[in-house]
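Report on one structure; see the data block that follows.
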Amino acid sequence: MFELTHLRCFVVLAEELHFGRAAERLHMTQSPLSRQIQVLERILGVELFNRTSRRVTLTLAGETFLHEARRIVRLSESAALAARRVWKGETGRISIGFTAVSGYVLLPRIVKRAAVELPGLELQLHELVSGDQFEALHTGMIDLALVRPPVDKVQFDSAPLLLESLMVALHEDDPRAGQERFAPGDFDGQDLVMYAQRGAGYFNQLLSSLFERAGAAPNYVQHVTQIHSLLGLVGAALAPGIVPEAAAGLQPRGVVFRPFESEPAAPVELHLAWRRESENPALPAFRELCLKAVAEA
């Protein structure tokens, strides 16, 4: 059976109809090229070229063979290119888990950049709370997660992605809506919508720690697991709530946002996490794209 090398030599010679020019394109001398053509003709049992001292032309069999030979060469080059692109992470599929708030600000930035720099990569998006994302990583449902800490270092690798400050969300008719800034002590004995320990443990622990250090004890009128649920209750004038800065981009009707002082000033962490043993060849390139998208913002 003939080989791809035979076909490439044949196609180039058929296009040039000159052994010297064809050999130059193939980066070889004329003698090896001539031998390749002779071997191909012997395998096929036909003459592909008419050769004289003055010119080289295709036979009818050669013209017929040229169409299929070109197709086979193109397919082989396409297959090789596809394999290299997958290996380099330029194509393939990445499944991403993300929290609701990261989906409003950070994720669009990443998706937009991927469309430009990795256009052959198919993205599958899954909105999940951090706890569910870790489970999805473990089972292989997702390849990459935008999650709140802590990250299990035994199962996963991770990298810090973003630090955010906190904001107080108030109903626009709240008497304190005109206040420029808030501190934890401002909510001592005051009504507040709080995050649930189960389902929103990260924010529950973060705010509880801030209030405890300030010696403040808010009156928690409701516990929720989702930031958009908290903002809905604020919009219904139930009580204020505290959210990460990115949540202000939601612009819910009737809700205003004011800075919330904390130590550190940007205590809300978002991490990039992935399975240490992941075999997805597209993961390293996309992971670097995520980090760059945030660093250059």
Completion exercise
For Rg and Dmax of the Cα atoms in Å the list reads (1) 19.3, 60; (2) 19.1, 66; (3) 31.7, 103; the calculated value is entry (3)
Handout entry: Angle between the chain longest axis and helix 60-87 axis [Cα atoms, degrees, rounded to 10]
Key = 30 degrees
Handout entry: Antiparallel bridge percentage (DSSP; both residues within the stretch 166-265; nearest 5)
Key = 60 percent
Completion exercise
Rounded to the nearest 10, the angle in degrees between the Cα long axis of helix 130-139 and the longest principal axis of the Cα atoms of the chain comes to 30 degrees
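Tally Lys/Arg at +1 and Asp/Glu at -1 over every other residue whose Cβ is under 15 Å from the Cβ of Ala159; what's the total?
For residues surrounding Ala159, the net value is +1.
Compute, for the stretch 119-192, the length of the dipole vector about the Cα centre, with Cβ point charges of +1 (Lys, Arg) and -1 (Asp, Glu) only. Units Debye, rounded to 20. Please list the in-between numbers first.
Working: 4 positive and 15 negative charges, 61 e Å.
So the dipole magnitude of the stretch 119-192 works out to roughly 300 debye.
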Problem - Ranked packing of 252-264, 2-14, 92-104, most packed first, by mean Cβ within 10 Å - result: 92-104, 2-14, 252-264
Exercise for the section: Rounded to the nearest Å, what's the spacing between the alpha carbon centres of the stretch 45-62 and the stretch 153-212? Just the number, please. Expected result: 81 Å
Exercise for the section: Using a Gaussian network model of the chain whose springs link C-alpha atoms within less than 10 Å, name the residue from Ala200, Ala273, Ala217 with the highest mean-square fluctuation. Expected result: Ala217
Fill in the blank from the handout: By the C-alpha gyration tensor axes a ≥ b ≥ c (rounded if a/c is under 1.5, else prolate when a/b exceeds b/c, else oblate), the shape of the stretch 166-265 is rounded
Exercise for the section: Using only Cα atoms, find the angle between the long axis of helix 30-44 and the longest principal axis of the chain, and express it within 0 to 90 degrees, rounded to the nearest 10. Expected result: 90 degrees
Fill in the blank from the handout: In cubic angstrom per residue, the convex hull of the stretch 1-128 built on its Cα atoms measures 137 Å³
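Given contacts defined as C-alpha pairs under 8 Å and at least six residues apart, what's the relative contact order of the chain, whole-number percent?
Result for the chain is 22 percent.
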Problem - the chain: antiparallel DSSP beta bridges as a percent of all, rounded to 5 - result: 60 percent
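No lab work stands behind these numbers, since they all come straight from the coordinates. None of these values were measured; they are calculated from a predicted model. Positions of Cβ are generated from backbone atoms using ideal geometry, with glycine treated the same way; all protein chains shown enter the neighbour counts.
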